[in-house]
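> Have a look at the structure that comes next, please.
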Amino acid sequence: MPAERLSPSDSGDVAALADHLRPVILKLSRHLRREAQRVGMSALDAQLLGVIKMAPGVGVSGLADIEQMSRPAMSAHVKRLEAEGWLMRQSGAPDGDKRRVGLLISPKGMQALGAIRRSRNDWLAARLSVLTEAERRQMEAALPSLQRLVEVKA
């Protein structure tokens with residue numbers, strides 16, 4: 001008879017926990033990215049608009065730094081988002097530098113982000129509804145740890 005496999009938390013093995021958690025997170029991420037595509041926007045488009053929403057007026061260089069992308073590649077993405085009507089450029093920085101151009105989400109971009117958020121929430125809520133109450137409480141209890149996990153600086 002094979003030995004009972006310990007769960008990662010029972011064994012205290014961080015590598016085993018990572019090995020179990022990684023495919024689940026990747027699969028969840030793929031499903032949520034697909035919801036953006038259903039609205040007609042790539043996951044990267046949604047991510048970039050989300051960053052701009054949180055940092056209105058950010059420049060192309062700043063956005064490239066945040067996303068760890070080259071400036072020419074980011075410039076191409078920004079031009080495409082602008083051509084789709086999802087973002088606008090604003091001349092002048094809050095510090096008075098008229099040479100600086102900041103990025104803002106357009107009303108059309110805000111509508112698209114709202115549609116993506118609703119679609120993702122609806123997808124996730126449908127999946128959560130099949131869990132037992134105890135399972136949902138476990139997931140809720142894990143939220144602070146998951147939040148801390150994504151905020152840890154490497």
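> Report, by residue number, each residue of the range 108-154 that is touching a Phe, Trp or Tyr at 6+ places or on another chain (Cβ under 8 Å) and of a type in the set (A, V, I, L, M).
ALA112
> Any idea which of (1) of a type in the set (Gly, Ala, Ser); (2) farther than 28 Å from ARG22 by Cα; (3) at pLDDT 95 or above; (4) exposed (fewer than 14 other Cβ atoms within 10 Å of the Cβ) is the one ALA125 doesn't satisfy?
Unmet for ALA125, out of (1) of a type in the set (Gly, Ala, Ser); (2) farther than 28 Å from ARG22 by Cα; (3) at pLDDT 95 or above; (4) exposed (fewer than 14 other Cβ atoms within 10 Å of the Cβ): (2).
> Need pairs with beta-carbon distance below 8 Å; first residue under 20 Å from VAL51 (Cβ atoms) and within the range 80-104, second in a strand (DSSP E or B) and at pLDDT below 60; sequence gap 6+ or separate chains.
Once the first residue is under 20 Å from VAL51 (Cβ atoms) and sits in the range 80-104, no partner that is in a strand (DSSP E or B) and at pLDDT below 60 comes close enough.
> Mind counting the residues in the range 40-79 that are of a type in the set (Lys, Arg) and either touching a Gly at 6+ places or on another chain (Cβ under 7 Å) or farther than 14 Å from LEU104 by Cα (or both)?
Qualifying residue count for the region: 1.
> Further question: Quick one: how many residues across the range 82-110 are modelled with pLDDT of 95 or more and either in a helix (DSSP H, G or I) or polar (S, T, N, Q) (or both)?
Number satisfying all stated conditions: 7.
The values are calculated or read from the model by the stated rules, or taken from the named source; none is laboratory data. Not measured: the values here are computed from a predicted model. When we count neighbours, we look across all protein chains shown, and the Cβ atoms used for this are built from the backbone with ideal geometry, even at glycine.
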